Amino acid sequence: MPEVLTPLNQSSLTPTSEVAAEGRILVIDDEAGIRESLEVLLTLEGYTVEMAMDGEEGLLKIEQHSYDLVLLDLALPGQSGMELLPQIHERYPELPVVMITAYGTVDNVVEAVRAGAENFVQKPWDNEKLLADIRSAIARHKAEAENIQLKRALKQRYNFHNIIGKSEVMLRIFDLVSQVAPSRSTVLIEGESGTGKELIAKALHANSPRKDKAFVPVNTGSMPSELLESNLFGHVKGAFTSAIATKKGLFEVANGGTLFLDEIGNMGMDTQAKILRVLQDRRFMPVGSNQEIQVDVRIVAATNVNLRQAVREGKFRDDLFYRLNVISIDLPPLRSRREDIPLLVNRFLDHFSKENDLETRKLTPDAMRALVDYDWPGNVRELENIIERSVVLSSTPIIGTGLLPGHITGRTFQDALLEHNPNASLFDILEDIERRIILEKLERCNWNQTDAAEQFHIPLSTLNQKIKRLTIEIKKKGRE
């Protein structure tokens, strides 16, 4: 029997046993008054605080001890904080660093973030805001570490690729999949659209004795019955007008492996009867043939329709339902496992940043809170699309609420304007808005500039001029 995955011990994520419950913070600042003030403030909050007066001492302490966060002054004797930051980030990429300075400019902020800073705090600081930034940075650091540990554990134990979750309900599903995968039993996966039903089906296949054979997915709800039957069972030459050659069906293609029937709740009644026969006898006849073919196929079905209700309404065969429902896996909507959202967000940020050849993007605390609080009617698929959009539209490594859709944040257009740097000129603000609008339109047009120009009702030459002026990087090819 496969090893059962138990929830990971949170204490295992802390660097050492001596770390306080709130975390260990290193302050690197040459001003004694600043160090003392931060020590008092952070100690009262439950943090363990250590001090360094310059970069050399700071690096030595980081090498000797484990920390959850570094507060780094920009202006230090010898090496500046800006020179020290990339060294810390290169050696300890998972260690969050918050810069503190009396000389905060937009250029400094951008440079620090590009070098790996988590945030940038201006002296004199507001205590509540500073503490909130520190809590968010440490929480994100622990979430990222937990994400890595969870993915490693899942791959080692179950070969679960692309599935992320630490919530109790997801851990129970991982356990169930691990127990069911080695069997021959038919599995019915139920859940709302976008919850990851195909990923679970692939995990069942990858952890089964059939893993070296084909995994064949088919969307049974998107085809007319005649076309679906031809695809599933194949046909012989001349079976119908367009059958100019014999075609092998997907049941035969999946022989020895797994056939994933998605959206099975939308399948027509006639096709349901034929699927039932295959489940019972493991035999079928291609369209137009009188010769039976025997197959050894495991069936995994999925639906976002309540099949029990469909049976009561006479829209789904009860005998087929009972054949499919040998093992049932009910995937929860994303709103029921909100603790998994930060893990998924960080995973998607990393993926789409790499896919677009960008520095790894990070969310501000406010943006992350907005995503966690949203109800996600489109579930994980909707979250993935929102993160991809935000990464593509971002012009800096930090993604704030301004790049999230208004229906998620409740923001108005006027709110978005006010979120710009207070020192930005009206020209800069309008230019930024124009850049975002053009980027979004190009993304919607799959980066086809001609289509985008037509939808903007402007000449292509005008759009190209704007793209050049706004330094917009054009993708060679959009995502399929």
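Taken together, the values in this text are just the output of simple stated rules run on the coordinates, not laboratory data. As the structure is a prediction and not an experimental result, all values here were calculated from the model. In this analysis, Cβ positions are derived from the backbone assuming ideal geometry, glycine residues included, and neighbour counts consider all displayed protein chains.
Once R0 is set to 30 Å, what does the formula 1/(1 + (r/R0)^6) return for the Cβ-Cβ distance between ARG282 and GLN179, expressed as a FRET efficiency to the nearest 0.05? Working shown, then result.
Details: r = 24 Å, r/R0 = 0.79.
Using R0 = 30 Å, I get an efficiency of 0.80.
Mind checking which aspartates and glutamates have their C-alpha under 17 Å from LYS274, skipping anything on the same chain fewer than 8 residues away? Within the straight-line cut-off, LYS274 pairs with GLU226, GLU229, GLU252, ASP262, GLU263, GLU292, ASP296, ASP318, ASP319.
On a 0 to 90° scale, report how tilted helix 379-393 is relative to the longest principal axis of the chain, with both axes built from alpha carbons and the result rounded to the nearest 10. That works out to roughly 50 degrees. Put simply, the amide H of VAL121, placed in the peptide plane, has neighbours under 5 Å in MET99, ILE100, THR101, leaving out anything fewer than 5 places away on its chain.
Counting helices only, and only those DSSP H runs with n ≥ 4, report the 222 nm mean residue ellipticity of the chain as the sum of -39,500 (n - 2.57) divided by its residues, in deg cm²/dmol to the nearest 500. One gets -14000 deg cm²/dmol as the mean residue ellipticity at 222 nm. Descending by average beta-carbon neighbour count within 10 Å, the peptides 296-302, 182-188, 93-99 line up as 296-302, 93-99, 182-188, the highest first.
Applying 1/(1 + (r/R0)^6) with R0 = 45 Å to the Cβ-Cβ distance of ASP319 and ASN464 gives a FRET efficiency near 0.15. Charged side chains reduced to their Cβ positions (Lys and Arg at +1, Asp and Glu at -1) give the chain a dipole of some 2880 debye around its Cα centre.
Find how much the distance from HIS65 to ASN219 grows on full extension, using 0.36 nm per residue of separation minus their present alpha carbon separation; answer in nm with one decimal. All intermediate terms of the calculation are to be shown ahead of the outcome.
Numbers: separation 154, 0.36 × 154 = 55.44 nm, distance 5.36 nm.
Between HIS65 and ASN219, full extension yields an extra 50.1 nm.
The 3J(HN,Hα) values that the Karplus relation (6.51, -1.76, 1.60; θ = phi - 60°) gives for segment 181-186 are, in residue order, 3, x, 7, 9, 5, 6 Hz. Gly and Pro appear as x.
So which of LYS248/LYS315; LYS354/LYS466; LYS213/LYS362; LYS315/LYS441; LYS197/LYS237; LYS197/LYS354 end up more than 32 Å apart, counting from Cα to Cα? Don't skip to the end; give the middle numbers.
Numbers: LYS248/LYS315 29 Å; LYS354/LYS466 26 Å; LYS213/LYS362 39 Å; LYS315/LYS441 41 Å; LYS197/LYS237 35 Å; LYS197/LYS354 25 Å.
Flagged as over cut-off: LYS213/LYS362; LYS315/LYS441; LYS197/LYS237.
Selection among PHE260, SER225, ILE399 by position relative to the dipole of the chain gives SER225 as farthest towards the positive end (Cβ unit charges, Cα centre).
So for the chain: antiparallel DSSP bridges make up what percent, rounded to the nearest 5? Around 10 percent antiparallel, to the nearest 5. Remark: relative contact order (the chain) = 11 percent; criterion is Cα-Cα distance under 8 angstrom and separation of 6 or more residues.
Couplings 3J(HN,Hα) of segment 245-255, computed from phi: 8, 5, 10, 6, x, 5, 4, 6, 4, 7, 3 Hz, in residue order, whole Hz [Karplus 6.51 cos²θ - 1.76 cosθ + 1.60, θ = phi - 60°; x for Gly and Pro].
Set against the labelled values (1) 26.2; (2) 23.7; (3) 22.8, Kirkwood radius over Cα pairs in Å computed from this structure falls on (1).
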